[in-house]
Amino acid sequence: MQPKSNIIHLPVYEPGKPMEEVKRELGLTEVIKLASNENPFGTSPNVKAAIENEISNVSLYPDGAAVELTAAVASHLGVQPNQIIFGAGSDEVILMIARAFFHKGDETIMATHTFPQYKHNAEIEGAVSIEVPLKDGKHDLPAMLAAVTERTKVVWICNPNNPTGTIVTRSELDEFMQKVPSSVMVVLDEAYCEYIDDAEYPDGLAYLSKYKNVVLLRTFSKIYGLASLRIGYGVGHPDVIRSINQVREPFNTTRFAQAAAKAALEDKEFIRFCREENAKGLAYIRQELERLQLTAYPAYGNFIMVDTGCPADQMFDSLLRKGIIVRGGHKLNFPTSIRVTVGSQEQNEKFITALETSLQELKTRV
Ligand SMILES: *Cc1c(COP(=O)(O)O)cnc(C)c1O
């Protein structure tokens, strides 16, 4: 048996190291995972009741069209229900866009380095990825625009960018949108937008009414704290959303995910709390990095990319042995950097303490 030739070289996704595995391997009792940008405060307390309520329905298929949740999100965003599509995480929305829009040989443009799922799914469909290097850790929109050809189907803009955490500003995006052909779909991945309170940060919703070719990706995995339930969504023009809906699996989101997402959306107080704690955490980490004379990219989401000046694999191992799991830049093409999720204040302090010790250990070794 032979799989499709265009998938043979694809890697199997390597997630952040699971906490249980690290505890077992290193004999640690306490491990802090700051590797997957999960919410350190969990999720809204309302979510538990919403999930419990659905347990009696576990034998029934979910509502594939997620009608109730769609209405709730539409009203939350101020868009029409036919502008929204749900996926098993926004990862699945990326997959569905690729599945619905790419022919073999189509071109698609993304930054390098950015969220890997754009390229991954494009390649599965046989599309050609045109990767435009980041400039100072930021999307280089003029260069991405210059890469557009007649074969370009989709441009992916990860805002803020994972893994660097930088943003494309409103004026940069305005200029890009004015110039990009309307036949090219522009996907704005806004997985962390709920964390951001900055006048420079463009709200993708503002572009929807003006540009039919814009699709937003959002998720319940990050600030809403529902990563395990797998639910995210796309927002776009009704015609585009209809095309994506045509390739959707009939029951792609579960009852639990839909009910939990609705409950999470309603708890605005929890979201406000998480946004504020994250901002405090980021400020604390930045201030400590300055004390340690380390540089980092400007961070806007719930993670920060820090240049430790040490080989990233060594820093990763050193922090791991102290019970802190981060993302090593060696896996992301940033050989001396680590990507760290902003945790609770207590977790952030433990991270900084471990980082300081690791820096000393790695320095005395050379
Ligand atoms: C976390 C993340 C997602 C989506 O995650 P799901 O859990 O699949 O919703 C999408 N894009 C970026 C950039 C992310 O960091």
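The values are calculated or read from the model by the stated rules, or taken from the named source; none is laboratory data. Computed from a predicted model, the values in this text were never measured in an experiment. Every residue, glycine among them, receives a Cβ derived from its backbone with ideal geometry; neighbour counts consider all protein chains shown. Keep in mind that these areas ignore ligands, DNA and RNA; they rest on the heavy atoms of the full protein, side chains included. Shrake-Rupley method; radii C 1.70, N 1.55, O 1.52, S 1.80 Å.
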> Relative to the Cα centre, what is the charge dipole magnitude of the chain, using +1 at the beta carbon of each Lys and Arg, -1 at the beta carbon of each Asp and Glu, and rounding to the nearest 20 debye?
Replying inline: 460
>> Based on the alpha-carbon set only, what is the convex hull volume of the chain divided per residue, in Å³?
In response: 161
>> In whole percent, and with a 1.4 Å probe on the protein chains, what portion of the accessible area of segment 99-212 is carbon and sulfur?
In response: 49
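Over the chain, calculate the relative contact order: mean separation of alpha carbon pairs under 8 Å at least 6 apart, over the residue count, as a percent.
Once divided by the residue count of the chain, the mean separation gives 23 percent.
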> Which aspartates and glutamates does LYS17 reach when only Cα atoms under 20 Å apart count, and residues fewer than 8 places away in its own chain are ignored?
Replying inline: GLU25, GLU30, GLU38, ASP91, ASP313, ASP317
> Which of the trypsin sites (Lys or Arg not before Pro) found in segment 1-71 are loop residues per DSSP with 15 or fewer other Cβ atoms within 10 Å of their Cβ?
Replying inline: LYS4
>> As a test, work out the antiparallel percent of DSSP beta bridges whose residues both lie in the chain, rounded to the nearest 5.
In response: 45
> Among GLU356, GLU123, GLU38, which one shows the biggest mean-square fluctuation in a GNM of the chain, springs joining Cα atoms closer than 10 Å?
Replying inline: GLU356
>> Over 10 Å intervals from 0, what percent of Cα-Cα pairs in segment 146-241 sits in each interval?
In response: 15, 48, 31, 6, 0
> Net charge near ALA283, counting Lys/Arg +1 and Asp/Glu -1 over other residues with Cβ under 12 Å of its Cβ?
Replying inline: -2
> Do any trypsin sites (Lys or Arg not before Pro) in segment 113-184 lie in a DSSP loop with no more than 16 other beta carbon atoms within 10 Å, and if so, which?
Replying inline: ARG151
>> So, taking all protein chains as they sit and a 1.4 Å probe, how much accessible area belongs to THR353, in Å² rounded to tens?
In response: 90
> Quick one: which of 52-64, 100-112 comes out on top by average Cβ neighbours within 10 Å, and what's the full order, highest first?
Replying inline: 100-112, 52-64
>> Which order do you get for ARG242, ARG248, ARG275, ARG286 if you rank them by accessible area with a 1.4 Å probe, largest at the top?
In response: ARG242, ARG286, ARG275, ARG248
>> List the pairs from LYS119/LYS268; LYS138/LYS331; LYS23/LYS222; LYS23/LYS119 whose alpha-carbon separation is above 29 Å, in the order I gave them.
In response: LYS119/LYS268; LYS23/LYS119
>> If DNA, RNA and ligands are ignored and the probe is 1.4 Å, what is the ranking of MET1, MET19, MET185 by accessible area, most exposed first?
In response: MET1, MET19, MET185
